[in-house]
Amino acid sequence: MKRFKMTRRNFLKGSSFITGSAAGSSLFIGVNPELEAAPAASAGDTATRTTALAQCPYCGVGCGTVIQVENGKIVSMRPDKDHPTNYGLQCIKGLTAAEPIYVDRMEGDPYVRKDVWAEWKKPGHGDLEYVTKTKGSFDDEHFVRVPYKEASEMVAHKIAHLAKKYSGNSIGLYGSGQLTMEGQYLENLFMKGVLGSNTIEANARMCMTSAVTGYFATLGSDTPPLAYDDIEMCDMIMHFGHNARESHPIIFWRAADYKKKADIPTVVVDPRRTGTVMGYEDIDPDNSVHVPILNGDISFLNSIAHVLLAEHPDVIDWDFLKAHVKGWEAYVDGVKKDYSPEQVQDRMGGPNHDVSPELIRRVASMFADATRKRLARSKGKQSGKGYGGVIIMWGIGYNQHIHGQHNVISIVNLLTLTGNLAKPGCGPFSMTGQPNAMGERFTGGLTGRLPFNEPLKNDKHRLHMAKHWRVPEANLKTAMNSENPGMAVGMMERVLKGEVKAMFMVYATHIDLPDQENLVRPALSKIFTVVQEIYRHAPNNLYADVIFPAATWGEVNGVYISSERRINICEQAAMPPKGCLPDLDLVVHKGKEIANLLGMDGDKIFPWKTDKNGFIDTEEVFRDVCRASAGTDTDLTGILEREKLDGLSPYEQLKQLRGIQWPAPTYEIAKNGGTKRRYMMQEGQWENRPYGYFRTRDGKVHMKLCQQDYSNREELTHKLMEFGTKKDHYTIDHMDLIKEARDKGLTPDLPDEKFRGRTWDKVPKDKYPYWFGLGVVYEHFHTAKSNRSPTTRRLVPEMYVEMHPEDARELGIKDGDKVRVVTRRGQLEARAQVGTNSLVKPARNNVPRGYMFGPWNLSVADSAVPEKNKWLANRVTSRVWDPVSGQVDFKKSAARIEKI
Ligand SMILES: Nc1nc2c(c(=O)[nH]1)N[C@H]1C(S)=C(S)[C@@H](COP(=O)(O)OP(=O)(O)OC[C@H]3O[C@@H](n4cnc5c(=O)[nH]c(N)nc54)[C@H](O)[C@@H]3O)O[C@H]1N2
Ligand SMILES: Nc1nc2c(c(=O)[nH]1)N[C@H]1C(S)=C(S)[C@@H](COP(=O)(O)OP(=O)(O)OC[C@H]3O[C@@H](n4cnc5c(=O)[nH]c(N)nc54)[C@H](O)[C@@H]3O)O[C@H]1N2
Ligand code: SF4
Ligand SMILES: [Mo]
């Protein structure tokens with residue numbers, strides 16, 4: 001009999017049940033005074049109530065929210081019932097987004113390190129390359145407060161000096177998928193156009209770039225082709241490395257609702273039995289499958305293709321392959337030869353990851369049935385007009401691999417083979433992590449990229465951008481010819497090697513990067529660091545030479561872009577605390593000064609006027625972005641045409657329509673809310689391309705067989721394990737090794753499995769028997785705001801590690817014990833959460849034997865002060881990255897567990 005239990009209401013009820021039990025739990029650990037510092041005074045004080053429209057500041061789902069303001073302060077959120085993403089629902093994080101806005105906020109003048117300021121005040125400004133003696137501390141005694149203009153002037157002079165002496169590329173910037181799109185656009189202009197630097201990276205590198213580079217390799221453009229509405233059209237959903245119920249709750253609720261209505265099969269591919277798995281099983285256990293894989297995803301996908309070719313040949317879309325696909329022959333031959341379910345058994349993650357040939361065949365047969373439904377529905381109609389089929393969603397557990405890009409290509413391969421592409425209701429759908437990681441990609445705020453899905457090395461586009469950015473093309477050429485190998489990790493290694501001399505940190509924290517002890521913190525200790533931050537006790541401030549207090553979401557204007565390419569307005573609802581400036585303004589002010597010092601005309605490059613609040617008019621910047629996007633893959637000029645014809649400003653259009661999905665190249669498309677789906681042939685009409693399907697040069701999908709080969713895994717992985725453990729040993733000097741590890745689909749670490757089964761004190765100190773992975777927990781968004789929100793902090797107050805009951809028993813560890821997770825690179829402390837009956841909340845997921853998991857979200861919730869900070873997740877992780885996407889694997893460290 002079928003059970004239909006799971007509804008949105010039930011899930012919400014489940015969450016509030018967790019509220020009660022966590023608050024009453026004896027394990028609740030109390031408060032961290034760093035996160036409770038006095039709230040900043042409110043800016044305006046008029047007795048008024050107003051509202052503003054925005055995209056939720058947290059995950060990439062991009063729910064519409066209404067910010068409520070009282071007496072000039074942001075007081076609460078109301079879900080936007082008219083927004084087509086969430087229709088009046090939001091998860092706990094979005095609902096409590098007002099809580100952390102005024103807690104622990106910095107206000108007033110910038111902070112400058114005392115010794116740095118003293119040096120600058122010497123006659124002739126002293127040594128412009130002086131590095132502070134007080135890195136690693138954010139105590140007040142080490143800082144002076146300096147008027148904004150003077151601090152900004154000092155930064156400009158030091159950066160201009162370093163750029164002239166060592167090259168623009170010696171200046172780095174670490175940006176963010178949480179900054180507004182307008183801010184990202186100008187930050188990239190500043191780095192590449194003014195400084196000629198290619199050392200620009202962002203937290204999106206840790207998150208989405210495997211999806212980005214996978215889309216480029218196959219479809220020729222970084223474009224998630226689907227819209228959320230496709231969820232309610234499909235015949236099957238698969239999730240790879242995606243705990244949607246915790247990480248993208250509104251998408252999970254939409255998918256679960258549709259499963260309840262249409263009883264579609266669902267498959268979750270994840271080493272853990274997550275809440276996502278169980279939520280689907282609650283709806284219908286008969287067509288909800290869990291595939292407990294660890295790292296074997298490529299083999300699994302290739303194996304499904306093998307079974308389809310052998311046992312379900314009717315679902316192979318030969319016509320589509322022959323007409324619109326390149327490289328399918330080698331793929332078909334390869335999966336036929338080497339990927340039968342029996343052949344891939346050695347790569348599924350070991351004995352505790354029970355992915356049997358029967359399970360693979362079962363999933364393949366579900367896949368075939370769903371594809372047949374699409375085929376039947378479109379019968380008799382023109383090809384491409386039928387809809388449904390299989391959607392494959394994936395998350396960061398899938399992107400974060402040495403072979404992340406290959407993982408993504410493998411998904412597109414399987415969907416292409418079966419024609420589950422370029423039609424409504426099917427296709428590959430990457431779930432973006434951050435609210436505006438898509439903006440970072442759109443504006444090209446990463447090494448080697450320009451805005452609008454083009455690389456620096458595209459001559460025509462480089463000229464085009466130089467013109468629209470009003471900068472010398474020579475600067476962009478310099479950036480293009482400057483190297484930043486290894487991307488985000490490489491940038492830090494280059495600091496250690498002395499090649500990068502200064503760094504801007506804009507709305508991203510250094511603790512999101514791997515190997516803190518051996519890589520990131522030593523690097524930041526060496527250089528001049530300029531931090532834009534909102535919180536006084538943010539870890540970045542430990543390494544800051546200068547801190548500029550920033551205004552945050554709700555206090556600034558701009559747009560975010562969600563996972564379905566929807567550009568959403570984020571209106572300014574209230575004034576920021578005194579002295580806090582929008583990140584965009586902070587970048588522009590420095591950009592102007594530095595441009596002038598380097599002999600350019602700053603006012604010409606950054607020409608925007610300020611609005612009534614004295615901040616740069618971001619709608620003008622948005623118009624600039626639209627103008628510059630003309631004729632590109634991400635054309636937004638329809639918005640400008642509509643402004644001309646209908647008299648509606650761009651932001652007004654975004655508000656009325658509740659977002660526009662890019663591209664919007666014509667008046668009509670802009671008026672209709674943009675482009676819901678890509679690759680439906682419409683591109684041909686806009687661009688006069690001979691055949692409009694895909695953005696590759698030949699217009700075809702490019703398939704590539706990606707492989708997994710564990711034959712010399714031990715030997716190669718042991719070499720990978722030297723990074724972070726051997727002094728002066730840099731990944732960027734060993735690209736061949738990393739490429740080989742990628743081509744063989746390996747992991748960065750390997751556990752010493754034969755030491756499992758002993759009590760914790762009998763495991764030798766140089767052995768690491770278990771897998772340890774890090775990811776996200778529902779209640780917290782990353783490491784800053786939700787940690788400061790009393791509601792979500794009370795719900796999940798403490799770092800924990802999920803453990804299988806049998807592993808815990810063998811180790812001699814009980815539920816609630818304090819433990820240390822030790823890897824070859826460092827250690828962290830946490831509370832043992834044994835099974836889903838644990839008293840340590842939230843206790844939602846079951847890990848398989850041999851694999852343990854913790855949330856990285858609580859990294860600094862105990863304290864950001866290094867001596868007191870025991871929960872810092874990225875102390876333990878490996879820095880090894882994917883050679884194309886630059887993404888790091890945070891999911892597979894080898895660890896030893898010790899009882900404290
Ligand atoms: N609550 C909450 N939501 C968030 C965020 C947050 O901080 N908190 N952050 C947002 C951001 S920026 C991101 S990137 C996303 C991240 O959210 P998700 O995309 O869901 O990513 P993770 O939780 O990191 O990992 C997802 C799953 O991958 C699994 N996994 C580990 N190794 C493997 C493997 O080898 N193969 C497969 N198939 N699966 C594996 C893990 O067990 C885990 O359940 O969430 C977004 N939403
Ligand atoms: N071990 C491990 N590490 C991971 C991951 C993982 O799964 N495991 N996931 C990775 C992923 S997917 C991502 S996306 C990254 C995310 O990493 P980040 O985005 O870097 O993490 P946050 O904690 O959001 O850091 C944001 C910083 O900006 C500050 N801030 C908040 N609001 C504002 C503002 O308006 N302006 C400015 N200037 N600053 C502000 C906050 O105080 C905080 O210091 O982490 C990555 N790191
Ligand atoms: S965190 Fe994500 S799912 Fe939750 S309300 Fe915000 S955008 Fe929606
Ligand atoms: Mo992310």
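The values are calculated or read from the model by the stated rules, or taken from the named source; none is laboratory data. All figures in this text were calculated on a predicted structure; none of them were measured in a lab. With ideal geometry, Cβ positions are generated from the backbone for all residues, glycine too; neighbour counts draw on all protein chains shown. Protein only, heavy atoms only, side chains kept; ligands, DNA and RNA dropped before computing areas. Shrake-Rupley method; radii C 1.70, N 1.55, O 1.52, S 1.80 Å.
Please compute the modelled spin-label separation between residue 727 and residue 761, points set 7 Å along Cα→Cβ, answer in nm with one decimal.
In this crude spin-label approximation the distance works out to 3.4 nm.
Please report, largest first and rounded to whole Å, the three semi-axes of the ellipsoid equivalent to the stretch 319-430, where each semi-axis is the square root of five times an eigenvalue of the C-alpha gyration tensor. Please report the intermediate quantities before stating the final value.
Working: eigenvalues 137, 51, 48 Å².
Semi-axes (√(5λ), whole Å): 26, 16, 15.
If Lys and Arg each add +1 and Asp and Glu each add -1, what is the summed charge of the other residues whose beta carbon sits under 13 Å from the beta carbon of residue 398?
Summing Lys/Arg as +1 and Asp/Glu as -1 gives -2.
Going down the list 814/870; 676/700; 158/497; 423/460, which pairs span over 23 Å between their C-alpha atoms? Please list the in-between numbers first.
Values: 814/870 20 Å; 676/700 21 Å; 158/497 20 Å; 423/460 32 Å.
As for pairs spanning more than 23 Å Cα to Cα, those are 423/460.
Among 312, 554, 87, which residue has its Cα furthest toward the positive end of the charge dipole of the chain, with +1 on Lys/Arg Cβ and -1 on Asp/Glu Cβ?
Of the candidates, 312 comes out farthest on the positive side.
Evaluate the charge dipole of the chain about its Cα centre and quote only its size in Debye, nearest 20, assuming +1 on the Cβ of each Lys and Arg and -1 on the Cβ of each Asp and Glu.
Value, rounded to 20: 800 debye.
Take the cross-link list 739/892; 164/727; 259/892 and give me the ones stretching past 22 Å between alpha-carbons.
Listed pairs above 22 Å: 164/727; 259/892.
How big is the Cα convex hull of the stretch 58-107 in projection, averaged over all directions, in nm²?
Reported value for the Cα convex hull: 4.0 nm².
Roughly how many percent of the accessible protein surface of the chain is carbon and sulfur, given a 1.4 Å probe and a whole-percent answer?
52
Label points 7 Å out from Cα along the Cβ direction at residue 333 and residue 613: separation in nm?
So the label points at residue 333 and residue 613 sit 6.1 nm apart.
What whole-number value in Å² describes the accessible area per residue of the stretch 155-262 for a 1.4 Å probe?
Per-residue accessible area for the stretch 155-262 comes out at 15 Å².
Report the Cα centroid-to-centroid distance between the stretch 226-267 and the stretch 130-157 in angstrom, as an integer.
49
Which value, in Å² rounded to 10, gives the accessible area of residue 831 with a 1.4 Å probe and all protein chains present?
40
Of the DSSP beta bridges with both residues in the chain, give the percent that are antiparallel, rounding to the nearest 5.
50
Would you list which lysines come within 20 Å of residue 261, measuring only between C-alpha atoms, while excluding same-chain residues fewer than 8 positions from it?
2, 5, 373
With n ≥ 4 as the cut-off for DSSP H runs, can you work out [θ] at 222 nm for the chain, using -39500 (n - 2.57) per run divided by the number of residues, rounded to the nearest 500?
-9500 deg cm²/dmol
At a Cα cut-off below 13 Å, give the aspartates and glutamates reachable from residue 767, other chains included and same-chain residues fewer than 8 away excluded.
Within the straight-line cut-off, residue 767 pairs with 749, 752, 753, 898.
Any idea how far the Cα center of the stretch 598-666 sits from the one of the stretch 699-756, in Å?
Using only Cα atoms, the two centres lie 44 Å from each other.
For the chain, just say rounded, prolate or oblate: build the C-alpha gyration tensor, square-root its eigenvalues into a ≥ b ≥ c, call rounded for a/c under 1.5, and beyond that prolate if a/b exceeds b/c, oblate if not.
Details: a/c = 1.39, a/b = 1.16, b/c = 1.20.
Verdict is rounded for the chain.
Output ³J(HN,Hα) for the stretch 883-895: one whole-Hz value per residue in order, computed from phi by the Karplus curve 6.51 cos²θ - 1.76 cosθ + 1.60 with θ = phi - 60°, and x for Gly and Pro.
These are the phi-based 3J(HN,Hα) values: x, 9, 8, x, 6, 9, 9, 8, 9, 9, 9, 8, 9 Hz.
Lysines within cross-link reach of residue 336: Cα-Cα under 20 Å, excluding same-chain residues under 8 positions apart?
Qualifying lysines at Cα under 20 Å: 322, 326, 704, 744.
Rank 660, 183, 576 by how far each Cα sits towards the positive end of the charge dipole of the chain (+1 on Lys, Arg Cβ; -1 on Asp, Glu Cβ) and give me just the farthest.
Checking the options against the dipole of the chain, the answer is 660.
For a Förster distance of 51 Å, can you work out the FRET efficiency between the beta-carbons of residue 50 and residue 140, rounded to the nearest 0.05? Let's see the in-between values first.
Details: r = 35 Å, r/R0 = 0.69.
Approximately 0.90, to the nearest 0.05.
Probe 1.4 Å, all protein chains in place: accessible area of residue 771 in Å², nearest 10?
Per-residue accessible area (residue 771): approximately 10 Å².
In the stretch 434-484, if the dipole is taken from +1 on Lys/Arg beta carbons and -1 on Asp/Glu beta carbons about the Cα centre, which of 475, 464, 450 is farthest to the positive end?
My answer, from the dipole projection, is 464.
If we count every other residue with Cβ under 11 angstrom of residue 620's Cβ, Lys/Arg +1 and Asp/Glu -1, where does the sum land?
Its environment carries a net charge of -2.
Please find the FRET efficiency linking residue 76 to residue 696, where r is the Cβ-Cβ separation and R0 is fixed at 45 Å, and quote it to the nearest 0.05.
0.45
Using the beta-carbon distance between residue 463 and residue 603 and R0 = 22 Å, what value does 1/(1 + (r/R0)^6) give for FRET efficiency, to the nearest 0.05?
On the way: r = 23 Å, r/R0 = 1.03.
Rounded to the nearest 0.05, the efficiency is 0.45.
Taking a spot 7 Å from the Cα of residue 157 along the direction of its beta carbon, which residues of the stretch 516-541 have an amide N less than 11 Å from it?
Flagged as within label range: none.
Just the accessible area per residue of the stretch 757-899, please: how many Å² with a 1.4 Å probe?
28
Rounded to whole Å, give me the distance from the Cα center of the stretch 423-444 to that of the stretch 315-357.
Using only Cα atoms, the two centres lie 26 Å from each other.
What is the chain's relative contact order, in percent, from Cα pairs under 8 angstrom and six or more apart in sequence?
Computed over the chain, the figure is 18 percent.
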